[in-house]
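The block underneath contains the structure these notes are about, expressed in structure tokens.
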Amino acid sequence: MKDAFYKFLNNSISRHFLTPRYLILFVSNQCWMKCGHCWFSEEWKKDNLKDDSLSFDELERLSDSVNKLLFLSITGGEAFGRDDIPEVVNLFTRDGKTQRYQIPTSGYLTSKIISNTEKILSQNPGIPFRVDVSLDGNMEIHDKIRNLKGCFSNALETIKELNKIKKKIPYFDVGVITTISNQNQEIVEEISDIVNSVHPDGEWMVNLVRGNTRDPESGKVKLENYNKAQDIINKRIKDGTFKGHSGHLSAKWLTAKNSVRRKVINDIVLDKKEGGACSAGSIAGVIYADGSVYPCEMLDISFGNLRDFDFNLSELWNTREAVELRNRIQDTRCICTQECFLSTSLLIQPQLWPQLIYERLRH
Ligand code: SF4
Ligand code: SF4
């Protein structure tokens, strides 16, 4: 009964909106790092990305076919690695197409990230934009996880510089993301102190390592260590010192949603949450740099490639195969801890809304 409801709901959403409302768009396969906790490895790319990356002109055709987006994550690899990243952003923000967008980064090339952020903001006045920088440890552990010396210092510098921009531009926000893996799980308090000192006025997002990671040991995380971050954030919320998201009217709801999401992840790991009710492939979707379209980043089953659909995303998004894949996600009661998709799935799980309202009232 529940599965039938979610099949009906997700297919109705897809038919109604025609294309995803929450899109993760990979614009680069290249990255400056080789993080142990990363699933976007050379092996994964070799097995899954079959074609050349989309050209700028093809990205423009894609942007023409995307209906209005509530949220766009422009990612990679390293999206800031592209010299034309401001122009790529403009393709998706023109004509009010995108309500809010974000670029995650390792924060490695500070000056390139800062100059492009300033350019993007000046070309897109008033549209909420967030840059999220990864910070996974103290200097020794962060550089070790990322297999690149000096990247900790650079990430700190990038966060400081981005926060200077945030002070001047009300529609800009900065986040710090920590991925808890086997390599940093013992120093969660220390990471929290570092984040607090460099980023006292914003959101600290704590993710749980996922997928087939470059370092197969990465995923061996004790739940109690992941939950230490939850406890620290809860204490700061109680003290009134956790500032959370900013830059737009729904920012406080995002901070509340992240609190609920951490609790849901806890329940999933403890096997206390039923699967299914995922909105991947209906509200949310992923497009890789080669034009292949997926319901999420965790399933290696594609809806197809944009090049085979003359860049008509709505046609690709609503084929019979896409409907079957959406149905399969419910039939198998698919479940995972991927944070982005847990966020959009919250929207279709009314049983979590009271918690969401409670968390919103706490902030
Ligand atoms: S986690 Fe991000 S920064 Fe690290 S290797 Fe993967 S894509 Fe690059
Ligand atoms: S539960 Fe996870 S793996 Fe399954 S469809 Fe949703 S996001 Fe993808």
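Which FRET efficiency value, to the nearest 0.05, is calculated for LYS46 and PHE8 with the Förster distance at 41 angstrom and r the Cβ-Cβ distance?
On the way: r = 38 Å, r/R0 = 0.92.
That pair, LYS46 with PHE8, gives E of 0.60.
Please work out whether the chain counts as rounded, prolate or oblate from its C-alpha gyration tensor, where a ≥ b ≥ c are the square roots of the eigenvalues and a/c under 1.5 means rounded, while otherwise a/b larger than b/c means prolate and anything else oblate? Note, shape of the chain comes out rounded.
For the chain, give me every cysteine whose Cβ has no other Cys Cβ within less than 4.7 Å, ordered by residue number. Cysteines lacking a close Cβ partner in the chain: CYS31, CYS151, CYS278, CYS296, CYS334, CYS336, CYS340. Along Cα→Cβ, 7 Å out, is where each label goes; now give me the distance between the ones at GLU118 and GLN351 in nm to one decimal. About 5.1 nm separates the two model spin labels. Other residues lying with their Cβ under 15 Å from the Cβ of PRO200 contribute a combined charge of +2, Lys and Arg counting +1, Asp and Glu -1. Cα centroid separation, segment 1-19 to segment 290-363: 11 Å.
I need the peptides 197-204, 34-41 ranked by packing, meaning the mean over residues of other C-beta atoms within 10 angstrom, with the highest value on top.
Values: 197-204: 18.4, 34-41: 20.8.
Result, highest mean Cβ count within 10 Å first: 34-41, 197-204.
Classify segment 1-146: rounded, prolate or oblate, from the alpha-carbon gyration tensor (a ≥ b ≥ c, eigenvalue square roots; a/c under 1.5 rounded; otherwise prolate if a/b is larger than b/c)? Oblate, since a/c reaches 1.5 and b/c is not below a/b.
Please report the net charge: other residues with Cβ closer than 12 Å to the Cβ of TYR171, K and R +1, D and E -1.
Working: positive: ARG100, ARG130, LYS166, LYS168; negative: ASP173.
Counting the neighbours of TYR171, the net charge comes to +3.
For the chain, the share of DSSP beta bridges that are antiparallel, to the nearest 5, is 10%. Taking a label point 7 Å from the Cα of LEU18 along the Cα→Cβ vector, which residues of segment 65-80 have an amide N closer than 11 Å to it? In segment 65-80, the label zone of LEU18 (backbone N under 11 Å from the point 7 Å along Cα→Cβ) covers 65-68.
What is the Cα centroid distance between segment 31-105 and segment 185-239, reported in whole angstrom? Cα centroid of segment 31-105 versus Cα centroid of segment 185-239: 26 Å apart. Charging the Cβ of each Asp and Glu at -1 and of each Lys and Arg at +1, and nothing else, the dipole of the chain about its Cα centre rounds to 1300 debye.
Counted by Cβ distance under 14 Å from ARG15, the other residues give a net charge of +3, where Lys and Arg count +1 and Asp and Glu count -1. The count of lysine pairs in segment 45-188 with alpha-carbon distances below 25 Å, taking only pairs 8 or more places apart or on different chains, stands at 23.
The numbers here are math on the coordinates, done by the rules we state, and not lab data. For clarity, every value in this text was computed on a predicted model and none was experimentally measured. Glycine gets a Cβ as well: all are built from the backbone with ideal geometry, and neighbour counts include every protein chain shown.
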